[in-house]
1. If you go through segment 162-204, how many residues are farther than 25 Å from residue 87 by Cβ and in contact (Cβ under 8 Å) with a residue 12 or more places away in the chain?
2. Can you name every residue in segment 125-161 that is touching a residue at least 60 places away in the same chain (Cβ under 8 Å) and under 30 Å from residue 195 (Cα atoms)?
3. Could you check, for segment 145-160, whether at least one of its residues is farther than 25 Å from residue 89 by Cβ and surrounded by 15 or more Cβ atoms within 10 Å (Cβ to Cβ)?
4. Considering each residue of segment 173-205, count those that are exposed (fewer than 10 other Cβ atoms within 10 Å of the Cβ), out of contact with any helix residue (DSSP H, G or I) (no Cβ under 8 Å at 6 or more places or on another chain) and assigned to a loop (DSSP other than H, G, I, E, B), and give that number.
5. Identify the residue in segment 151-172 that is part of a helix (DSSP H, G or I) and under 27 Å from residue 69 (Cβ atoms) and, among all such residues, is farthest from the chain's Cα centre (by Cα).
6. Among the residues of segment 29-43, which ones are surrounded by 12 or more Cβ atoms within 10 Å (Cβ to Cβ) and either more than 15 Å from the chain's Cα centre (by Cα) or under 18 Å from residue 185 (Cα atoms) (or both)?
7. All but one of (1) within 21 Å of residue 128 (Cβ to Cβ); (2) loosely packed, with under 14 Cβ neighbours inside 10 Å; (3) in contact with a strand residue (DSSP E or B) (Cβ under 8 Å, 6 or more places away or on another chain) hold for residue 12; state the number of the condition that does not hold.
8. Condition check: modelled with pLDDT of 95 or more, surrounded by 14 or more Cβ atoms within 10 Å (Cβ to Cβ), within 14 Å of the chain's Cα centre (by Cα) and within 22 Å of residue 29 (Cα to Cα). Does residue 113 satisfy that?
């Protein structure tokens, strides 16, 4: 039986979305991940296809109905017409995201490091920028909200960035959609000796 990989080899997937690219925030996002000690192992600028986006945002009917019901309730509060079943409003969320994600180039990245999925989620912040904590990427750099998306007829949330919201299996699923295995580079960073070396041997001369 093969041994599990070391936690420092955990990987996570990130997309800087079209609004993040258009607002010239690519360097700021990378800086935040580098500053915490994560290692960039893959990166490319692409214009996503619809197929990639639908595969990436894989949702089941239960998710569509739950989200669609919330949209219907918001529309009623706003005095707007409700003319679809909940599942269709739920699917409209992904349709809007696909439209948004294919509007222009995005930056796809794979980051590596101990508990990288959790670390990146913490740095990125909650899905809705207006309720994301100060100090997170979404909380610091944008002001979109669910309410505004509904007012604008259920457009995609402009929250700058996507990151894996799950475990290592989910991260691998997402990485495989956007990268070929040979595009992930295995290499050593000098800072890893400080982050992960057990005894910090060799600092003193």
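1. Final tally of qualifying residues: 19.
2. 137, 141, 160, 161
3. no
4. Residues that pass the stated criteria total 11.
5. 151
6. 30, 33, 34, 36, 37, 38, 39, 40, 41, 42, 43, listed by residue number.
7. (2)
8. No.
The values are calculated or read from the model by the stated rules, or taken from the named source; none is laboratory data. In this text, all values refer to a predicted model and were calculated from it rather than measured experimentally. Please note: Cβ atoms are built from the backbone with ideal geometry, for glycine as well, and neighbour counts cover all protein chains shown.
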